[in-house]
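Down below is the structure, laid out as structure tokens.
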Amino acid sequence: MSTAAVSGRRGSRLGWNLLGLLVFVTAGFPVYWMLNTAFKPAKDAIDPDPSLLPTSVTFSNFSRALDIADFWGPVGRSLVVSLTVVVIGIVVGMLAALAISRFAFRGRKVVIVGILAVQMVPLVAMIIPVFLLLNDLGQYDRLAGLIITYLTFILPFTVWTLRGFIVNIPRELEEAAMVDGCSRTTAFLRVVFPLLAPGMVATSVYGFIQAWNEYLYALMLMSQQNQTATVWLGNFTTKHGTEYAPMMAGSTMMAVPIVVLFLLVQRKMAAGLTAGAVKG
């Protein structure tokens, strides 16, 4: 290989590395600034000439965040809602995705188009109908009503995502298991389900993040006594202004469950995200 070609490859690799570094810095800087502000003294958080690196570290913002309003109540409610939505969404979504992927039935294409159409509807457009419906059903300001509401936009995402994973699993594996004496259910549990597990983990994490970070419906459908963690952050904005340092401390504490969940399932999630990338 000529020197010019080697030099060109090194230059191309350097360019891609610099681009990757730029993307990393751009995406990571808001997280860094949140952590930086969370550990700053409150007066430094509103300094018109802020420093990029922290000059002093304090944990008082976390104490203030815990004292300004009930913290564990909203976090507990958010965990209950998010985990319930994920469990119901995965179970129902897996069965629906399996039916769409493996069975031919009348109206199958209509169902697929309907799933896509639901995801295209802006969430803000459904606030009033959802509010009126939950009010008529007696589920306004209740966690069950909020769970049902979240399922309306997380379940279509779950079905569509899991369908993509199931389609990439060859039918021949199930048919071979059934030839060996397995029923369709046993073939699914022993053959398809283990291959689908990484995709289910990846879908569960994304569904959990959507439910955990949702703000608009939690604000409109829940009272202050039953508020979730995202709405709880609004307590730091008062008529006297915004307490940025405690707010960033609260945001940091809210990010902990997501980070812990990701660390626990990162291997399965990576496998799920690359499932079907190579066929052979």
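The values are calculated or read from the model by the stated rules, or taken from the named source; none is laboratory data. Note that this is a predicted model, so its numbers are computed, not measured. For neighbour counting, all protein chains shown are included, and Cβ atoms are generated from backbone atoms with ideal geometry for every residue, glycine included. When the accessible area is computed, the model is the full protein with side chains, heavy atoms only, and any ligands, DNA or RNA have been set aside. Shrake-Rupley method; radii C 1.70, N 1.55, O 1.52, S 1.80 Å.
So, of the residues in segment 94-105 that are assigned to a helix (DSSP H, G or I) and not aliphatic (A, V, I, L, M), which turns out to be surrounded by the most Cβ atoms within 10 Å (Cβ to Cβ)?
This residue is S101.
Inspect segment 16-34 for any residue being surrounded by 15 or more Cβ atoms within 10 Å (Cβ to Cβ), in contact with a Leu (Cβ under 9 Å, 6 or more places away or on another chain), in contact (Cβ under 8 Å) with a residue 12 or more places away in the chain and part of a helix (DSSP H, G or I) and give the result as yes or no.
No.
Take the residues in segment 119-163 that are touching a helix residue (DSSP H, G or I) at 6+ places or on another chain (Cβ under 6 Å) and open to solvent by 70 Å² or more (accessible area, probe 1.4 Å), then tell me which one is farthest from P198 (Cα to Cα).
Here the answer is Y140.
Might you let me know whether segment 239-254 holds any residue that is without any contact (Cβ under 8 Å) to a residue 24 or more places away in the chain and within 18 Å of A99 (Cα to Cα)?
no
If you check V91, V85, which single one turns out to be open to solvent by 60 Å² or more (accessible area, probe 1.4 Å), assigned to a helix (DSSP H, G or I) and within 15 Å of V205 (Cα to Cα)?
The match here is V91.
Go through (1) touching a helix residue (DSSP H, G or I) at 6+ places or on another chain (Cβ under 8 Å); (2) farther than 30 Å from W160 by Cβ and name the single condition S82 misses.
Among (1) touching a helix residue (DSSP H, G or I) at 6+ places or on another chain (Cβ under 8 Å); (2) farther than 30 Å from W160 by Cβ, S82 violates only (2).
Restrict the check to segment 196-217 and report whether at least one residue is of a type in the set (F, W, Y), open to solvent by 40 Å² or more (accessible area, probe 1.4 Å) and either at negative phi or in contact (Cβ under 8 Å) with a residue 24 or more places away in the chain (or both).
The answer is yes, given that some residue of segment 196-217 is of a type in the set (F, W, Y), open to solvent by 40 Å² or more (accessible area, probe 1.4 Å) and either at negative phi or in contact (Cβ under 8 Å) with a residue 24 or more places away in the chain (or both).
Working only within segment 54-73, note down all residues that are of a type in the set (A, V, I, L, M), outside any helix (DSSP H, G or I) and touching a helix residue (DSSP H, G or I) at 6+ places or on another chain (Cβ under 8 Å).
A69
Is it the case that G250 is crowded, with 18+ Cβ neighbours inside 10 Å and either small (G, A, S) or not in a helix (DSSP H, G or I) (or both)?
yes
Within segment 67-74, does at least one residue satisfy the condition of being open to solvent by 30 Å² or more (accessible area, probe 1.4 Å), under 28 Å from the mean Cα position of the chain (by Cα) and of a type outside the set (D, E)?
yes
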